[in-house]
Structures are given as C-alpha cells and as structure tokens.
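Notes follow the structure.
The values are calculated or read from the model by the stated rules, or taken from the named source; none is laboratory data. Fair warning: this is a prediction, and the values are worked out from it, not measured in the lab. Cβ placement follows ideal geometry from the backbone for every residue including glycine, while neighbour counts extend to all protein chains displayed.
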Amino acid sequence: MKNIFKIFSVAVAVLMAAACGPNNEGPKVSDAIVAEWHLTDMSGADASAIPQVYIEFKLDKNFELYQKIGEGRYRKYAGTYTLTDAILSGKYSDGAEWGSSYAVSFEGEVLVLTAQNGSAEVCKYEKKSLSQSDKDNAAVVTKADDEQEPRFL
C-alpha cells in the first residue's frame with residue numbers, strides 16, 4: 001500500500017510540474033514577433049514627429065523595413081535578424097549592423113522595442129500592414145551609400 005501511495009504521489013507531482021511548464025506561458029517571443037508591425041509611439045517624440053515605419057519579421061529570420069520620413073515615397077530596407085533571450089538584433093542586406101539591439105516585450109498586442117545602446121529609446125508597434133501599392137512603389141535601398149535619409153533601426 002505504501003508503494004502505491006508513493007507511485008501516486010510521484011505521478012501527481014509530475015502532472016503538476018507539467019501543468020506549470022512553458023506550454024502555459026503563452027506564445028514564445030520568437031513566435032509572437034513574426035508579423036507585420038507599424039510604429040505608433042516613440043519615447044520622447046511628439047506624435048507628429050514619428051516617422052512612418054513598417055517592419056515585417058518573417059519566420060525565416062529575414063525582415064523587410066519600409067520607412068518614410070517627411071514627404072515622398074517609402075524606402076525599403078531588408079536583411080536578417082536574430083532573437084536571443086528576448087534581445088533582437090539585425091543586419092541590413094549590405095552587412096551593416098542595426099544601430100542598436102532591442103529588448104523585446106509585449107503590452108497586450110503591442111510590440112515594445114527598447115534600445116540597448118544606452119539611449120533607452122522605447123518604440124511601440126501595432127500589428128498593421130503597409131498597403132501593397134506603397135510596397136510596390138517603395139525605393140529599394142541596397143547599400144548605405146545610396147541612402148538619402150538615416151535607417152530607422
């Protein structure tokens with residue numbers, strides 16, 4: 001009888017540990033970030049000063065970034081990203097590193113990126129896609145030398 005009780009206790013403990021495991025913590029950051037995002041808020045910036053930025057993080061660890069500062073059409077940048085322990089970093093297609101790595105967190109459905117370069121800048125993104133016509137008309141930037149405006153990330 002004592003052995004049956006011990007076996008039952010161990011089984012209950014295993015089931016309780018499994019119930020508290022990572023499967024109940026919601027989606028992993030690496031899964032949750034895969035989407036199209038629109039910049040909606042930047043720490044310290046007046047709403048009218050926030051550039052139009054859309055970024056898509058793809059499952060294959062590639063990204064596409066569309067930005068428009070002021071008038072004119074969007075500029076398209078592409079590259080790869082890594083996400084390790086909720087720290088996001090990346091490289092543009094020309095090999096240039098992003099200006100910072102970012103701590104990734106979520107406020108409900110809002111993606112929050114906090115710069116890790118000492119500026120502590122916080123950018124918030126909501127899920128939203130750029131129109132296909134804006135994507136099709138974007139100026140594709142392949143080298144930093146071709147830029148007329150700074151890269152956002």
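Taking every residue in the range 73-96 that is under 16 Å from ASP31 (Cβ atoms) and pairing it with any residue that is β-branched (Val, Ile, Thr) and modelled with pLDDT of 95 or more, at least 6 positions away or on another chain, the pairs with Cβ-Cβ distances below 6 Å are ALA86/VAL104; LEU88/VAL104.
I'm checking my understanding of the structure. Among residues of the range 111-131 that are without any contact (Cβ under 8 Å) to a residue 40 or more places away in the chain and of a type in the set (A, V, I, L, M), which one is surrounded by the most Cβ atoms within 10 Å (Cβ to Cβ)? Before the answer, list the steps.
Taking the range 111-131 as the starting set, the residues that turn out to be without any contact (Cβ under 8 Å) to a residue 40 or more places away in the chain are 112-119, 131.
Remaining after also requiring of a type in the set (A, V, I, L, M): 112-113, 115.
On the way: VAL112: 15, LEU113: 23, ALA115: 18.
Across the range 111-131, the extreme among qualifying residues is LEU113.
The residue that is modelled with the lowest pLDDT, counting only those in the range 8-47 that are under 14 Å from VAL112 (Cα atoms) and among the acidic types (Asp, Glu), is ASP41. Scanning the range 110-145 for residues being under 15 Å from PHE63 (Cβ atoms), part of a loop (DSSP other than H, G, I, E, B) and modelled with pLDDT of 95 or more gives a total of 3. In the condition set (1) in contact with a helix residue (DSSP H, G or I) (Cβ under 9 Å, 6 or more places away or on another chain); (2) surrounded by fewer than 17 Cβ atoms within 10 Å (Cβ to Cβ); (3) in contact (Cβ under 8 Å) with a residue 40 or more places away in the chain, GLY99 is compliant with all but (1).
Hey, can you tell me all the residues within the range 92-127 that are in contact with a His (Cβ under 7 Å, 6 or more places away or on another chain) and at positive phi? It would help to see each step written out before you state the result.
Filtering the range 92-127 down to residues in contact with a His (Cβ under 7 Å, 6 or more places away or on another chain) leaves 125-126.
Correct list: empty.
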